[in-house]
1. Scanning chain A for helices, which whole DSSP H stretches are 15 Å or more long along the axis (Cα) and average 0.5 or more by Kyte-Doolittle?
2. Under the definition of Cα pairs under 8 Å and six or more residues apart, what whole-number percent is the relative contact order of the range A:206-359?
3. Once you list every other residue whose beta carbon is under 9 Å from the beta carbon of A:Leu223, what net charge do they have if Lys and Arg are +1 and Asp and Glu are -1?
4. For the protein assembly as shown, what does the helix formula give at 222 nm: sum of -39500 (n - 2.57) over DSSP H segments with n ≥ 4, over the residue count, nearest 500 deg cm²/dmol?
5. Amide H neighbours of A:Asp330 under 5 Å, counting only residues 5+ apart in sequence or on other chains, H built in-plane at 1.01 Å?
6. For every other residue with a beta carbon closer than 11 angstrom to the beta carbon of A:Val211, add +1 if it is Lys or Arg and -1 if Asp or Glu, then tell me the sum.
7. About its Cα centre, what dipole magnitude does chain A give when the only charges are +1 on Lys and Arg Cβ and -1 on Asp and Glu Cβ, stated in debye to the nearest 20?
8. Calculate, for chain A, the solvent-accessible area per residue in square angstrom, rolling a 1.4 angstrom probe over the heavy atoms of the protein chains.
Amino acid sequence: MTTRSLPPGRRADLATVTARLSARFGEQVSFEPALLEGLAADVTENPARRPVGRVMARSVDDVVDTVRLCNELGLPLTPRVTALNVGGLAIPAEGGLVIDLSSMNRVLQIDPASMYALIEPGVSWLQLKQALAPHGLVIGFPLAPPETSVLAGCLMDGLGTLTLPHGPMGEWINGVEAVLPTGELVRTGSAAVSPSWFSRSPLPDTTSLFVNWQGTTGVVTKLAVQAWPMRLLRERRFIMCRRAEDGLALMLALGKTGLYDDVGGLSWPISRYLLAIHRPGPRDPAEPELYLYVDITADSSAELSAKRTALEEHLLRARKAGAKMERPLDVRALVAMDPAFEKLADLPARLDGLLDHPGGGLTWVGSYGPPAHVIEGGRRGMELMQRHGFPPLLVSRPMRGGHFTVVRFIEIFDRHDAAEVQRLATLQRELLQMLLELGYLPYKAPGWAVEELLPRMDPGSRALVARLRATLDPNGILQPDRWWR
Amino acid sequence: MLRQNRAAGIRYQGVSMLLHDPENANLLALLLARRLERALGPAGEPGVARFPEGELTIVAGEMVARLRLGARPHLVSGEAGAGAGTAGESPPGVPGDWRRARIEGPLDVLLGAVVGELPIGAVLSGELKVSGSMRLCWVALRLLRGTGPTR
């Protein structure tokens, strides 16, 4: 296929676009208005933008040809799987093209010795979990529905179980195969030379050109992701903490021990959402404010016992210092009390209280930042949420051995209530401004968050990103309005 | 003001349950209401219809919830302002009053009872304090475990 691009910023007329795409993709391309309407928005408050069409890709050749056609036709292109990134990142450019990668959903290889899986974009968390289990391997899981994409989660550098010992998901990637914005196919990591996708080391790290770039540098068609040995024993314990500050302080301490697979805090509204109370009133002051959870795994009962003892000792010290906390409670007790809590016990799970409610809206401000400010950030954010009339749902966890922490504020809302959406947008900005002030940075940053981020950014770094994008994507085809150019 | 609990399946053999003001109920009241709700469901406990009549106060940590059993419908309540201090003043377990009872203990012990044995040891050691009608206390502990009321 020849590539004769229109000048940047110019698009072919609709008839030409339809004809060219139909000629190449036949039934794989759709211009159905109802379908395009559905692709225009996601669950968040980010504005809807209607695409001109959708290509359902089934192969790498389909992706290559789509990218080349977009260059020829001057069409912005947005890759998509389930669009549940909660950052509005799969909302297409107005009048652009969506490439749906969900049909490319094969687990291509599992290497038990090097402990990685080579997957396509449509492979889901549940699918990979089931594929790894016979090999005695596991992967961490985000608090996302089981059908969401592993590849998208990794490229967006998300968080989940096992990000405490192994870092954010972007660090789990051993290499990718990607179609560059101009249509060339590249392979990164060890597999650029070796038949094995064992590591990103020791070549120049071009994999990072695709991590956190929000699809602006290429469409990734394969990804090698690390897995880890499945431990024989596993339990999740919850500690009810009367004050969020005490819970977060204990979370930081436990995160640094190197003993636990995951440690995190969820504030009290999570229980209301799981129990289908979508508009909870104020918290009973006698009620725990934060639920701290600790994942413990071991290969022997002695190891498990030692880790439990260490947890008890940390808890005892916190109590002696005045913290009001219950003793660790096995999640099985919560599940036995109410099956609604099963979703906290076995991931991946669909937190239906967040996704399936009458208003239909879900959004958050998620950030990574210095542990020194997690307590202040958590408290100030919860207060802001209450001031704007939203239940103060905070999620926090230490990452990569406690080197940094996540602070995330989650809101559910009524997408059809314009006043509430406006109130929410104001809250989101205030939350982010507060977090930026404390040195926290948004992950999966939507456009409005980038606006807040840019004025604070080092000019050299800002120019470097723009230069790399201009080099890789001279026609401005891929996700043109993400990040900045 | 009582409001019909929104969840389905709370009526069984003509018996139903009301959760007072779900939006403002505390976690303990919500958990107890859901437990009762399930006991009243089709796969629940037939004996729920024969709960003894009485008022039960459960204090977990500093959270307080109240159950009025045997009423038509059963009532569950628990919201801000009903802290431990006030709980001691209103319906306490009064010796000899077979219509009132109170169970008090750490949340983890109460919830731990759900998956473990009936917490007789915790009662004997004083970790769980029970007072008032022992029959009502027994019903409550069995309700927590999902094994139904006394027959």
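The values are calculated or read from the model by the stated rules, or taken from the named source; none is laboratory data. Treat the numbers as computed from the prediction; the structure is a model and nothing was measured. Reconstructed Cβ throughout: ideal geometry from the backbone, glycine too, with neighbour counts over all protein chains shown. In case anyone asks, the SASA skips ligands and DNA or RNA and just uses the protein heavy atoms, side chains included. Shrake-Rupley method; radii C 1.70, N 1.55, O 1.52, S 1.80 Å.
1. Values: long enough: A:14-25 (16 Å, 0.73); A:60-73 (20 Å, 0.30); A:244-255 (16 Å, 1.23); A:301-320 (28 Å, -0.74); A:374-387 (19 Å, -0.64); A:418-437 (29 Å, 0.18); A:459-472 (20 Å, 0.29).
Length and hydropathy pass: A:14-25, A:244-255.
2. On the way: 190 pairs, mean separation 48.5, N = 154.
It comes to 32 percent, rounded to a whole number.
3. Values: positive: A:Lys222; negative: A:Glu120, A:Glu177.
Net charge in that neighbourhood comes out at -1.
4. Details: 21 runs with 203 residues, N = 636.
After summing the helix terms and dividing by the residues of the protein assembly as shown, the value is -9500 deg cm²/dmol.
5. A:Phe238
6. Working: positive: A:Arg200; negative: A:Asp157, A:Glu171, A:Asp205.
Once all neighbours under 11 Å are counted, the net charge is -2.
7. Values: 52 positive and 53 negative charges, 133 e Å.
Magnitude of the dipole: close to 640 debye.
8. Values: 18050 Å² over 485 residues.
Solvent-accessible surface per residue comes out at 37 Å².
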